[in-house]
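Visitor: Below is the structure I would like to discuss, written out as structure tokens.
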Amino acid sequence: MSEAAPARMAVKLHRRVCLVLTEDAVLAEELLARKKLAGEVLGRLSERALLIRPGRIDAVLDELIKMGHTPQVVGK
Amino acid sequence: MPTDVETWIDRARIAFDGYSETLRRAVASPLLKPRNPIPIDELTERMLGALGNPPVVDRRIADQTPMARAALAIFGQSRRPTWKVGHLLTILAALGSTEGFAPIQALLDAGLIFPVRESTEPLNGFQPWFGTEGLPNAEVFALPSVAVRAKDEPLGLPNVATADGPPNSETPRLADGLEWPLRLAAVGQLVAEGGMRTTQARALFKRDLQRLQTHELLAAAPADHLVNLPDIGGLTLFWALGAEKIAIVDAEWKLPEVDKNAAPKLLSEEIVALLAGLGAIEAWDPLLGYRLVEGQLSAVPSAAMLLLLMLAAAKPGEWCESEPLAAWLWEHHPGWQSGLTFEVQQVRGTPWVESFLLGVFYPLGLVEVAGGRFVRLSALGRSLLANGAKVPEAPAFLQTLMVQPNAEIIAYRQGLTPTLIGKLSRFARWKSLGPACTLELTAEQTYRGLESGLTLGGVVQTLNQHGVRPVPAPVIDLLQRWANKRERIAVYTSATLVEFLSPADLDIAISRGMIAQRITDRIGLCADGADPDYKNLRLIGNRDYEAKPTKCIAVDEDGVTLNLDAGQTDLLLEAEIGRLAEAVPADGTSARRFRLTPESLRRAVQGGMKLDDLDTWFLARTGEPVPGAGRMFILGPSVPPSLASKRLILQVPSVEIADGLIQWPTTKACIEDRLGPTALAVDDAKQEALRELLETLGIKVEFA
């Protein structure tokens with residue numbers, strides 16, 4: 001008997017999202033403790049995912065590099 | 001990726017399409033010489049076709065005046081497709097032109113050159129455009145395929161070669177041509193490190209000028225130098241920015257992306273690109289260094305071009321000296337003299353010419369020098385500028401690097417090529433330039449290299465491929481550690497997040513490989529933040545992160561239950577709502593619900609949200625301010641204590657009666673408070689007196 005084709009899953013897309021994903025929650029906390037960075041964070045989607053204000057990604061990158069991090073930039 | 005030829009044809013197409021119909025027909029007429037009228041929509045392609053046809057181009061060039069042909073020859077000899085009109089007119093004036101702007105106008109009218117324009121407004125004629133741009137600073141361009149046909153047009157320059165020369169026994173001194181490419185690589189790294197910019201007028205900010213002047217590598221004189229140049233770092237920067245084919249940084253002044261399909265670059269090609277860049281060096285002078293001539297044209301591009309053309313006018317083997325070259329410029333250049341200092345003017349600019357020849361052209365490998373003062377074009381220079389025989393590239397030594405355990409790289413110069421210099425510059429920092437150059441591997445530079453598209457494997461492969469021995473293990477470990485550090489934070493500049501209706505759906509999508517990474521229990525991310533494959537998905541909503549928040553919550557009558565509209569919710573809501581409400585466990589319906597509780601709202605207030613902030617949020621999300629129940633949760637802890645007491649309540653039958661009792665002083669004295677439209681609180685001690693008063697008024701009172 002052949003297996004029925006799986007139903008298509010309903011999804012909603014969120015486009016053009018500026019996001020910072022950290023390796024762990026502690027690193028996200030470290031970033032949020034930085035005043036300049038915290039000001040650019042709109043919200044925390046999860047322990048490791050920070051939503052960034054639209055148009056402020058360059059400022060976030062500069063600040064991360066100033067902190068000594070080497071962020072991987074995806075989707076330039 | 002478009003080739004250089006395609007790029008310039010596209011530019012010509014855009015320029016020609018920017019002409020009004022009348023101007024297009026006027027320009028096409030001498031170029032195409034059509035027997036029948038050509039439909040306007042075919043005109044551009046017909047014209048570009050003609051410009052790509054060498055015999056037609058040769059005939060049209062031959063139709064021009066000698067000075068117009070000379071102007072076109074400047075494009076060809078300089079290998080620079082774009083020139084400022086002011087510089088072209090200066091060179092033509094030095095060549096003896098008395099026609100003013102006419103040669104440039106003739107070339108524009110003939111469609112052999114085009115104006116460089118930002119505006120998209122149709123161009124009705126060239127005069128109005130010059131009026132807008134300002135004649136000296138207006139720029140024109142020629143297709144390289146056209147310019148090359150005019151390259152050998154006679155320019156009427158005299159042969160100023162000296163009768164005597166160095167002794168035949170003396171071997172001419174010739175630089176390897178790598179000095180400027182190496183310096184360009186170093187200046188590119190400095191710029192990519194950040195913070196450096198030029199103004200709109202291509203001027204340097206003071207702080208950046210100081211950085212260039214004090215940079216240990218860029219401020220130092222070349223290893224093989226005959227004269228010292230001032231502000232050599234500034235020259236390198238302006239040169240790099242002016243050479244269109246040398247991209248040391250991208251449009252955002254960062255390291256350009258790795259072009260995996262790029263062919264290896266020959267040294268002669270790099271030198272040609274630098275030769276083309278000479279025409280853009282405006283803010284630097286070989287004697288004065290950094291020098292911004294505001295509102296005026298610099299004499300450097302035109303004087304440098306004329307110097308090269310004069311060297312090319314000498315016969316093969318003949319030597320020139322600075323003094324007669326300077327004397328010719330002194331006599332013929334219309335503006336160069338006035339920019340010289342008084343001392344240099346006394347010797348008719350000879351030190352200026354000497355500095356340019358020995359300081360700029362010699363390290364470039366375009367000229368060779370003998371006896372300290374005799375100069376002539378090198379074989380490469382003659383092949384580029386005087387129709388000399390093509391010079392074969394020097395054989396490259398593949399193994400020319402030595403990676404040391406302390407993460408320093410020694411690069412033996414004779415094995416370096418522009419391609420290898422470019423590769424090394426992406427991941428290692430230039431530390432010294434000399435016969436043996438040194439670079440160091442640093443975390444920052446490795447990071448920039450990886451960000452520009454390199455891989456760790458590619459870096460190690462380059463070092464091994466060109467190394468005289470394998471890369472030491474500690475260095476590989478170091479590179480690996482730096483590369484791993486980069487994996488700790490990922491910044492998505494414009495990702496697409498996929499939100500599922502339930503955590504179970506997301507689990508399935510991950511197990512099927514549709515989603516690469518879980519962000520929350522219901523939201524996932526595809527590889528590289530790209531759009532998902534829609535084959536197995538049904539789209540129920542599409543939200544733009546940069547759009548304004550929309551109303552997406554309905555509040556139940558209880559004032560605490562929040563119903564989310566799945567189609568309208570956005571990511572910010574996901575991040576925000578958890579701060580002020582508790583999620584209600586799913587009850588089988590598709591709508592997600594949250595509930596305001598005293599604890600959740602207290603948590604929000606402790607987290608820094610005020611009632612005003614909450615009102616703003618509720619207005620944006622529900623269309624109403626915080627519901628009464630919510631306000632009570634928030635304000636409850638801050639209001640004064642409430643009073644609980646037993647009171648005698650008088651309930652009158654109408655509002656009018658209540659108003660009267662409150663207003664008439666006799667009855668008012670018996671009433672403590674008005675509790676509602678028809679409810680009054682009566683002073684317990686005066687209840688009997690009030691009853692009597694009411695009876696006198698004809699109002700009966702019944703006690704419950």
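Visitor: When residues of the stretch B:125-148 are filtered for being farther than 17 Å from B:Ala106 by Cα and charged (D, E, K, R), how many remain?
Guide: 1
Visitor: If you go through the stretch B:102-120 one residue at a time, do you hit one that is closer than 18 Å to B:Ala276 by Cα and open to solvent by 40 Å² or more (accessible area, probe 1.4 Å)?
Guide: Yes, the stretch B:102-120 contains a residue that is closer than 18 Å to B:Ala276 by Cα and open to solvent by 40 Å² or more (accessible area, probe 1.4 Å).
Visitor: Another question about this same structure. Might you check whether a residue that is at pLDDT 90 or above, basic (Lys, Arg) and under 26 Å from B:Leu497 (Cβ atoms) occurs anywhere in the stretch B:586-599?
Guide: Within the stretch B:586-599, one or more residues are at pLDDT 90 or above, basic (Lys, Arg) and under 26 Å from B:Leu497 (Cβ atoms).
Visitor: If you go through the stretch B:130-180, how many residues are among the small types (Gly, Ala, Ser) and without any contact (Cβ under 8 Å) to a residue 60 or more places away in the chain?
Guide: Final tally of qualifying residues: 5.
Visitor: Filter the stretch A:36-54 down to the residues that are more than 7 Å from chain B (Cβ to nearest Cβ) and without any contact (Cβ under 8 Å) to a residue 24 or more places away in the chain, then identify the one that is most open to solvent (accessible area, probe 1.4 Å). Outline the logic, then answer.
Guide: Applying the first criterion (more than 7 Å from chain B (Cβ to nearest Cβ)) to the stretch A:36-54 yields A:36-41, A:47-48, A:50, A:52-53.
Filter once more, keeping what is without any contact (Cβ under 8 Å) to a residue 24 or more places away in the chain: A:38-41, A:47.
Details: A:Ala38: 37, A:Gly39: 40, A:Glu40: 28, A:Val41: 27, A:Glu47: 124 Å².
Filtering first and then ranking leaves A:Glu47.
Visitor: Another question about this same structure. Quick one: in the stretch B:89-101, which of the residues that are touching a residue at least 60 places away in the same chain (Cβ under 8 Å) and not in a helix (DSSP H, G or I) is surrounded by the most Cβ atoms within 10 Å (Cβ to Cβ)? Reasoning before the result, please.
Guide: The initial filter retains those residues of the stretch B:89-101 that are touching a residue at least 60 places away in the same chain (Cβ under 8 Å), namely B:90-91, B:93-96.
Within this subset, residues satisfying the condition of being not in a helix (DSSP H, G or I) are B:95-96.
Details: B:Leu95: 19, B:Gly96: 14.
Filtering the stretch B:89-101 for residues that are touching a residue at least 60 places away in the same chain (Cβ under 8 Å) and not in a helix (DSSP H, G or I), the one surrounded by the most Cβ atoms within 10 Å (Cβ to Cβ) comes out as B:Leu95.
Visitor: Just one of B:Gly457, B:Gly467 is open to solvent by 30 Å² or more (accessible area, probe 1.4 Å), small (Gly, Ala, Ser) and away from every other protein chain (no Cβ under 14 Å); which is it?
Guide: On inspection, the qualifying residue turns out to be B:Gly457.
Visitor: Considering only residues of the stretch B:417-441 that are of a type outside the set (Phe, Trp, Tyr), open to solvent by less than 10 Å² (accessible area, probe 1.4 Å) and in contact with a Ser or Thr (Cβ under 9 Å, 6 or more places away or on another chain), which is nearest to B:Val191 (Cα to Cα)?
Guide: B:Ala428
Visitor: Does the stretch B:368-391 hold any residues that are in a strand (DSSP E or B) and open to solvent by less than 20 Å² (accessible area, probe 1.4 Å), and which are they?
Guide: If the condition is that a residue be in a strand (DSSP E or B) and open to solvent by less than 20 Å² (accessible area, probe 1.4 Å), then B:Val369, B:Ala370, B:Phe374, B:Val375, B:Leu377 are the ones that fit.
Visitor: Also: In the stretch A:28-45, which residues are closer than 22 Å to A:Gly75 by Cα and either in a helix (DSSP H, G or I) or not acidic (Asp, Glu) (or both)?
Guide: Passing the criteria: A:Ala28, A:Leu31, A:Leu37, A:Val41, A:Leu42, A:Gly43, A:Arg44, A:Leu45.
Visitor: Against the condition more than 30 Å from B:Arg59 (Cβ to Cβ) and not in a loop (DSSP other than H, G, I, E, B), how does B:Leu241 come out, does it pass?
Guide: Criteria met by B:Leu241.
Visitor: When you go through (1) surrounded by fewer than 21 Cβ atoms within 10 Å (Cβ to Cβ); (2) at the interface with chain B (Cβ under 10 Å from one of its Cβ atoms); (3) of a type outside the set (D, E, K, R); (4) touching a residue at least 12 places away in the same chain (Cβ under 8 Å) one by one for A:Ala28, which number turns out not to apply?
Guide: (1)
Residue by residue, here is whether (1) open to solvent by 30 Å² or more (accessible area, probe 1.4 Å); (2) within 12 Å of chain A (Cβ to nearest Cβ) holds:
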position	(1), (2)
B:Ala495	no, yes
B:Leu506	no, yes
B:Arg518	yes, yes
B:Leu525	no, yes
B:Asp528	yes, yes
B:Asn536	yes, yes
B:Glu546	yes, yes
B:Arg595	yes, no
B:Leu601	no, no
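Visitor: Additional query: Of the conditions (1) under 21 Å from B:Pro301 (Cβ atoms); (2) open to solvent by less than 20 Å² (accessible area, probe 1.4 Å), B:Gly125 satisfies every one except a single condition; which number is it?
Guide: Going through the list (1) under 21 Å from B:Pro301 (Cβ atoms); (2) open to solvent by less than 20 Å² (accessible area, probe 1.4 Å), B:Gly125 breaks only (1).
Visitor: Right, next: Mind listing whichever residues of the stretch B:191-216 are open to solvent by less than 10 Å² (accessible area, probe 1.4 Å) and either part of a helix (DSSP H, G or I) or touching a Ser or Thr at 6+ places or on another chain (Cβ under 7 Å) (or both)?
Guide: If the condition is that a residue be open to solvent by less than 10 Å² (accessible area, probe 1.4 Å) and either part of a helix (DSSP H, G or I) or touching a Ser or Thr at 6+ places or on another chain (Cβ under 7 Å) (or both), then B:Val191, B:Asp208, B:Leu212 are the ones that fit.
Visitor: Which of the residues spanning the stretch B:630-675 are of a type outside the set (Val, Ile, Thr), open to solvent by 60 Å² or more (accessible area, probe 1.4 Å), out of contact with any Asp or Glu (no Cβ under 9 Å at 6 or more places or on another chain) and touching a residue at least 24 places away in the same chain (Cβ under 8 Å)?
Guide: B:Leu635, B:Pro637, B:Gln651, B:Pro653, B:Leu675
Visitor: Please report, ordered by residue number, the helices (runs of 4 or more DSSP H) entirely within the stretch B:628-704 with at least 3 residues that are over 30 Å from B:Gln606 (Cβ atoms).
Guide: So the answer is B:655-663, B:665-668, B:687-696.
Visitor: Let me ask something else. Against the definition (open to solvent by 30 Å² or more (accessible area, probe 1.4 Å) and facing another protein chain (nearest Cβ under 9 Å)), how does A:Gly75 come out, yes or no?
Guide: Yes: the conditions hold for A:Gly75.
Visitor: Restricted to the stretch A:8-25, and to residues that are of a type in the set (D, E, K, R) and not in a strand (DSSP E or B), which residue is least open to solvent (accessible area, probe 1.4 Å)? Reasoning before the result, please.
Guide: From the stretch A:8-25, those of a type in the set (D, E, K, R) are A:8, A:12, A:15-16, A:23-24; that's our starting set.
From the residues that got through so far, the ones that are not in a strand (DSSP E or B) too are A:8, A:23-24.
On the way: A:Arg8: 133, A:Glu23: 98, A:Asp24: 53 Å².
Only one residue fits best here, namely A:Asp24.
Visitor: How many of the residues making up the stretch B:676-695 are open to solvent by 40 Å² or more (accessible area, probe 1.4 Å) and within 13 Å of B:Val655 (Cβ to Cβ)?
Guide: Count: 1.
Visitor: So, in the stretch B:550-574, of the ones that are open to solvent by less than 10 Å² (accessible area, probe 1.4 Å) and part of a helix (DSSP H, G or I), which residue ends up farthest from the other protein chains (Cβ to nearest Cβ)?
Guide: The residue in question is B:Leu573.
Visitor: So, B:Asp612, is that one free of Cβ contacts under 8 Å to residues at least 12 places away in the same chain, over 19 Å from B:Val498 (Cα atoms), more than 8 Å from every other protein chain (Cβ to nearest Cβ) and surrounded by fewer than 12 Cβ atoms within 10 Å (Cβ to Cβ) or not? Spell out the reasoning first.
Guide: Working: free of Cβ contacts under 8 Å to residues at least 12 places away in the same chain: yes; over 19 Å from B:Val498 (Cα atoms): yes; more than 8 Å from every other protein chain (Cβ to nearest Cβ): yes; surrounded by fewer than 12 Cβ atoms within 10 Å (Cβ to Cβ): yes.
Answer is yes for this residue.
The values are calculated or read from the model by the stated rules, or taken from the named source; none is laboratory data. Since this is a predicted model, take the numbers as computed values, not measurements. No Cβ is skipped: glycine too gets one built from the backbone with ideal geometry, and neighbour counts run over all protein chains shown. The accessibility values were calculated without ligands, DNA or RNA, using every heavy atom of the protein model including side chains. Shrake-Rupley method; radii C 1.70, N 1.55, O 1.52, S 1.80 Å.
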